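Below you'll find the structure, written out as structure tokens, and then a few comments.
The values are calculated or read from the model by the stated rules, or taken from the named source; none is laboratory data. This is a predicted model, so every value here is computed, not measured. Here Cβ is always computed from backbone atoms with ideal geometry, including for glycine, and neighbour counts include all displayed protein chains.
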Amino acid sequence: MRLSVDNIRSDPRFKLLDKLHYDQIVEFATEYIRKRTRSMAFYTILIIGFFLLQWSAFAYGIVVNNMNWVSLLKQFLYGLIISLTIVIPLHELIHAIGYFILGARKIRFGAVLRHFAFYAVADDFVTNRKGFIFLALSPFVVVSLLNLYGFIWVTGYASYTYVSVMFFHATMCAGDFALLSYFEFHRDKEVYTFDDVKNKTSYFYYKMKA
């Protein structure tokens, strides 16, 4: 049986671990980005790898394919623009689809504009560690694979836009990986999380061991 918010709040075996107001997401993410967890080590390797892939591809285009470096830099700029406009809503939509797959129906979208942070959450929907890993990684995996496909199969200058989008989107996934780092940091506990959309707050509880 799926746990509900009432189950958690009424059961003395569940203890509040943290609560996070949406306005605090940047400070929260920064704290757990700095933790020495495998999640953050993996994310750092990915960012470095995507960075090297992008600029190696640009260098290859200039040196081997005699491409114009100004035109290639334009693709780099296009990748940034696309990431900030089209990819952000796509990223949140994939989060929402992930919630739907897990069984959530009261899915909401929002933003903390002063931090340029966007989110998709499911009101009063309880998620455990396994479910949260699926939710957090889905946009990164889907968007990265789509752009890698585009980079491989699209010809000409346009292909370099895809590799740029792949890099910029990866940098935008820092918050998702920070939350994975949070769960890993508390891996000794059985952690559950849910959102109270009305009060713009995420709650993290853990279940005490018998």
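Data table
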read-out	value
Segment 157-166: number of residues that are surrounded by fewer than 23 Cβ atoms within 10 Å (Cβ to Cβ) and hydrophobic (A, V, I, L, M, F, W, C)	1
Among (1) part of a helix (DSSP H, G or I); (2) crowded, with 17+ Cβ neighbours inside 10 Å; (3) within 16 Å of the chain's Cα centre (by Cα) - the single one Ile97 does not satisfy	(2)
Some residue of segment 43-56 being over 24 Å from Ser138 (Cβ atoms), at pLDDT below 95 and under 20 Å from the mean Cα position of the chain (by Cα)	no
Residue, surrounded by the most Cβ atoms within 10 Å (Cβ to Cβ), within segment 1-19, restricted to residues that are of a type in the set (A, V, I, L, M, F, W, C) and within 20 Å of Ala104 (Cα to Cα)	Ile8
Asn147, sole failed condition from (1) touching a residue at least 24 places away in the same chain (Cβ under 8 Å); (2) in a helix (DSSP H, G or I); (3) surrounded by 20 or more Cβ atoms within 10 Å (Cβ to Cβ)	(1)
Candidate set: segment 180-195, residues that are charged (D, E, K, R) and touching a strand residue (DSSP E or B) at 6+ places or on another chain (Cβ under 7 Å); chosen: the one surrounded by the fewest Cβ atoms within 10 Å (Cβ to Cβ)	Glu190
Test for Thr193: is it farther than 26 Å from Ala41 by Cα, hydroxyl-bearing (Ser, Thr, Tyr) and either at pLDDT 95 or above or not in a helix (DSSP H, G or I) (or both)	no
